[in-house]
Amino acid sequence: MDLGLTGKVALVAAASKGLGRAIAEEFAREGAKVAMCSREESAITSAAEDIERKTGNKSILPVAADLSTREGCEVFVQNALGAFRALDILIVNAGGPPPGRFDDLDDTAWQKAVDLTLFSAVRLTRLALPQMRKQKSGSIVYSTSTSVRQPTQYLNLILSNAIRASVHGMLKTLSSDLAKEGIRVNAVQPGRIATDRLVQLDTDTAKRQNTTPEAIRKRYEETVIPLGRYGEPAEYAAAVVFIASPKASYINGVSLQVDGGMLMSMF
Ligand code: NAD
């Protein structure tokens, strides 16, 4: 299937590793021009070089930017626009808020998580819209979490559970508001995809339960996830890239979970 991505400009936020990195690589493989960011110059440059090597795509722009700040979001979008003069697709992604229970977290921790998870989505969207409106088309995908539908099993993630829900409220409203301008807005929700973030979370849960991260993973794989394994970042990226692409032209306002069947809700 030709996804219609050749020459399209895709911005992938938080992409030096993990889900963002896999999404950037998939866009590159599909022939898109890709701008990708993370905080450290060396990490994002080396990820971009690696993607270039693997895909042969020379239109990969690494940008060092901290998405938890207004300036960082501006630097990312302005650099991408300066290099590619267009913006067709925005993938909103960021590092996850730290694990913790309600009693562990003060106002500063909540504010940091709001800046990273909610405000990066607000700001990147606000910065991308003028160009998309000029082009009279665009596609925005928020990469969030299945925890929006059902908080994670061990409940250490109250920041993520609480704040990502507001991103979904925003996306559903925007999908209706922006449709008339040719801009689609959707979300993709990872369940348990094998990245460093999952190692961090499983290590935290293991500490709280006096067991090992391997035992936590095994429990998920044997009793929680019907497909019996954690997903691969490339499997997640395939779903994001499809929904973002012109081939998904009538898909708007949806949230697609990519979780091996983990959630038991009907919708
Ligand atoms: P990861 O730790 O493997 O990668 C995170 C990426 O974000 C890295 O490139 C890092 O440099 C970048 N980053 C972090 N903070 C940043 C900042 N302030 N500015 C710019 N870049 C920043 O994590 P991941 O597994 O790829 O997860 C990505 C997001 O998806 C996180 O928010 C995570 O909570 C969420 N999520 C992941 C899973 C999963 O299964 N992996 C499940 C649910 C939700």
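The values are calculated or read from the model by the stated rules, or taken from the named source; none is laboratory data. What you are looking at is a predicted structure, and each value in this text was computed from that prediction instead of being measured. As a convention, Cβ positions derive from the backbone with ideal geometry for all residues, glycine included, and neighbour counts pool all protein chains shown. These area figures cover heavy atoms from the full protein model, side chains too; ligands, DNA and RNA do not enter into them. Shrake-Rupley method; radii C 1.70, N 1.55, O 1.52, S 1.80 Å.
Just a few scattered comments:
- Residue pairs whose Cβ atoms lie under 6 Å apart, separated by 6 or more positions or on different chains, with the first residue in segment 2-18 and under 18 Å from GLU74 (Cα atoms) and the second crowded, with 18+ Cβ neighbours inside 10 Å and among the basic types (Lys, Arg), are VAL9/LYS33; ALA15/ARG21.
- Residue count for segment 4-22, restricted to those that are within 6 Å of the ligand (Cβ to nearest atom) and over 14 Å from ALA43 (Cβ atoms): 1
- Number of the exception - ILE243 against (1) outside the structural domain of ALA22 (by TED's automatic domain parsing); (2) open to solvent by less than 40 Å² (accessible area, probe 1.4 Å); (3) at pLDDT 95 or above: (1)
- Filtered residue count, segment 92-120, keeping only those that are more than 11 Å from the ligand (Cβ to nearest atom) and either touching a residue at least 24 places away in the same chain (Cβ under 8 Å) or not polar (S, T, N, Q) (or both): 12
- Flag for VAL75 being open to solvent by 40 Å² or more (accessible area, probe 1.4 Å) and assigned to a helix (DSSP H, G or I): yes
- One residue stands out among those in segment 128-184 that are of a type in the set (A, V, I, L, M, F, W, C), more than 30 Å from LEU201 (Cβ to Cβ) and assigned to a helix (DSSP H, G or I): the one that is most open to solvent (accessible area, probe 1.4 Å), which is ALA179.
- If you go through segment 32-61 and keep only what is crowded, with 18+ Cβ neighbours inside 10 Å and away from the ligand (no atom under 11 Å from the Cβ), you end up with ALA32, LYS33, VAL34, ALA35, ALA48, ILE51, THR55, ASN57, ILE60, LEU61.
- Exactly one residue out of GLY18, GLY7, GLY72 is out of contact with any His (no Cβ under 7 Å at 6 or more places or on another chain) and under 28 Å from GLN257 (Cβ atoms), and it is GLY18.
- Residue check for VAL188: assigned by TED's automatic domain parsing to the domain that holds VAL148, under 22 Å from the mean Cα position of the chain (by Cα) and either open to solvent by less than 50 Å² (accessible area, probe 1.4 Å) or farther than 19 Å from ILE91 by Cβ (or both): yes
- Some residue of segment 198-211 being more than 16 Å from the ligand (Cβ to nearest atom), more than 23 Å from ALA94 (Cα to Cα), aliphatic (A, V, I, L, M) and in contact with a helix residue (DSSP H, G or I) (Cβ under 9 Å, 6 or more places away or on another chain): yes
- Qualifying positions in segment 198-215 - open to solvent by less than 60 Å² (accessible area, probe 1.4 Å) and of a type outside the set (A, V, I, L, M): ASP202, THR203, ASP204, THR205, THR211, PRO213
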